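Here the structure comes first, spelled out in structure tokens, and everything after it is commentary.
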Protein chains: 4
Amino acid sequence: MSGINKVILVGHLGKDPEVRHLEGNVTVASFPLATSETYNKDGKRIEQTEWHNIVMWRGLADVASKYLQKGKLVYIEGKLRTRSFEDKEGHKKYTTEVVAENFTMLGRKSDFENGTNGTTAQADKSDNPAAASNFSLDPVDDDLPF
Amino acid sequence: MSGINKVILVGHLGKDPEVRHLEGNVTVASFPLATSETYNKDGKRIEQTEWHNIVMWRGLADVASKYLQKGKLVYIEGKLRTRSFEDKEGHKKYTTEVVAENFTMLGRKSDFENGTNGTTAQADKSDNPAAASNFSLDPVDDDLPF
Amino acid sequence: MSGINKVILVGHLGKDPEVRHLEGNVTVASFPLATSETYNKDGKRIEQTEWHNIVMWRGLADVASKYLQKGKLVYIEGKLRTRSFEDKEGHKKYTTEVVAENFTMLGRKSDFENGTNGTTAQADKSDNPAAASNFSLDPVDDDLPF
Amino acid sequence: MSGINKVILVGHLGKDPEVRHLEGNVTVASFPLATSETYNKDGKRIEQTEWHNIVMWRGLADVASKYLQKGKLVYIEGKLRTRSFEDKEGHKKYTTEVVAENFTMLGRKSDFENGTNGTTAQADKSDNPAAASNFSLDPVDDDLPF
DNA sequence: TTTT
DNA sequence: TTTT
């Protein structure tokens, strides 16, 4: 039977997305995302940071490589996937990743502007009106908002 | 700026979906969904049921009308939408609905079989291979599970 | 059987929380929250805003009245509850609210500082170390972050 | 700043929970949970199962050890935590776990009855009135359902 | 290692 | 109006 495997994260990118192009014209983007939590221990405020390996495929990877950068605050929805691999010494290891299904940029509007290549905010805005900040691979049911 | 508007429900259908066909060949299905919660009051076990108005559009409505029936247990993901209308006496009223984005059938396998018209489990299975129980309007990135 | 009734929102407060004190020393805070969504219609970027009625009870209301203000960006988790009431003309009406179970402030750190009564950022920080921004009614399993 | 780190799973236990008692009278329960997903590949129905390491602490572990068993269908909410350890050969490894914050049993009512040691349904029910199936570590705001 |  |  089918189950549910859903992850919801809000955090900051630890690095710019690393983009790879696989055969068949498939794009993959990956980056670490930090989610922080604060709690009290012996009256002191402790911050604990959890790091997540985020992976985005195809169209989502393309848009991620365009908009997401180190330090940005982002909401990510996805699913868990654990895969095994061999490290350099031939030891079998496991890694758990969050395969993103959609993301939304949070934070100041200026964060939605792509400044990596020196385009001005204005140019970006005309190219990307109104701080478009929600991205997904959903079908383009674009005409009606439901 | 874009935000997040997400609802996650697991509950039972209170009625069979009501299906309407709008102009432009658009299908809409709607039904009430009950989510129950139990808590203790004065040592007695109380069950409180919340009713949700679920709305499904287009392809999701089509598949809902095929598989969902009164009493079935279902996981639904969607978003909130409040709209106004006038009742028969002309009074403005508001209703809040959950516009579903995908759903997954839970429960026994026999629940995934469409038994309304006496078709056998086998016939259902050939029509509906492997008790497919997760439905969404996501793009059919069907070849690879990520 | 028990079900799941969960709402996850990220949006901005439309107003300051309105706080009431009920008998039995129970605090209730309520405010509207806007979640915006952008989509394309005929090549134009449309923003559609959904308004949610948020309700917080007891300790969560107390902390909300202290930290949440009009315009702030907040993550809210809660559940749906529809209740009926009579309006002034005696007509029965329904309203659906999101009863919050916890919230987390998002956005710039300066947003976490309570500036309503002129306390300085520094004073706020000592009172509220490290921009504590996650609030819930969970038990204070504070010593260990799991 | 605080972030969000949330996991939502619906799946079946692969084994009975393994319960350990740590110093300080702390209980820990852990078990594997399977979430299955089906998709089409070349016209064939493929099922892919993802395994999650679930960990429950303290009171939640106690109730888990009482109600959860191999094969049961359960809704789990929690957060991701990756920790490192050394395997027998002294190699550093990482494992990602879902630290559960609450769970709800889904499925037939008979599944809520603890039949491992031959107690009757009736005895179970008196001990566990009304098939209580939602468990969490939330404060016992038991008198009012909000 | 679950379930269908 | 569901389910337990």
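The values are calculated or read from the model by the stated rules, or taken from the named source; none is laboratory data. Keep in mind that this is a model prediction, so the values were computed, not measured. Don't worry about glycine lacking a Cβ; one is built from the backbone with ideal geometry, like all the others, and counts go over all protein chains shown. Protein only, heavy atoms only, side chains kept; ligands, DNA and RNA dropped before computing areas. Shrake-Rupley method; radii C 1.70, N 1.55, O 1.52, S 1.80 Å.
Would you please give the residues with an amide H less than 5 Å from that of A:Lys72, counting only those at least 5 places away or on a separate chain, with H modeled from the backbone geometry?
The list, which skips near neighbours in sequence, is A:Leu13.
Residue of D with Cβ nearest the axis relating D to A, plus distance in whole Å?
Nearest residue, distance rounded to whole Å: D:Thr96, 2.
May I ask you to derive the FRET efficiency for D:Leu22 and B:Glu86 from their Cβ-Cβ distance with R0 = 51 Å, giving the value to the nearest 0.05?
Efficiency computed from Cβ-Cβ geometry: 0.25.
Rounded to the nearest whole Å³, what is the per residue volume of the convex hull around the Cα atoms of the range B:13-107?
139
Would you mind checking which residues have amide H under 5 Å from C:Asn102's amide H? H placed 1.01 Å from N; only 5 or more apart, or other chain.
HN-HN under 5 Å from C:Asn102: C:Glu77.
Which distances, shortest first and in nm, link B:His91 to the matching position in the other copies, using label points set 7 Å out along Cα to C-beta?
0.6, 7.1, 7.1
So what J values fall out for the range B:72-88 if you push phi through Karplus, 6.51 cos²θ - 1.76 cosθ + 1.60 with θ = phi - 60°, rounded to Hz, Gly and Pro as x?
5, 8, 9, 9, 10, 10, x, 9, 7, 9, 9, 10, 9, 7, 9, 7, 4
Taking H placed 1.01 Å from N in the peptide plane, check which residues at least 5 places from A:Ser2 or on another chain put their amide H under 5 Å from its amide H.
B:Ser133
Using the Karplus equation 6.51 cos²θ - 1.76 cosθ + 1.60 (θ = phi - 60°), what ³J(HN,Hα) coupling, rounded to whole Hz, does each residue of the range B:59-65 give in order, writing x for Gly and Pro?
x, 5, 5, 4, 6, 4, 5
How big is the B/C interface in buried accessible area, both sides summed, 1.4 Å probe, to the nearest 100 Å²?
2300
Applying the Karplus parametrisation 6.51 cos²θ - 1.76 cosθ + 1.60 with θ = phi - 60° to the phi angles of the range D:89-105, what ³J(HN,Hα) value in whole Hz is obtained for each residue in order, glycine and proline being reported as x?
8, x, 8, 6, 10, 10, 9, 10, 10, 9, 7, 6, 10, 6, 8, 9, 7
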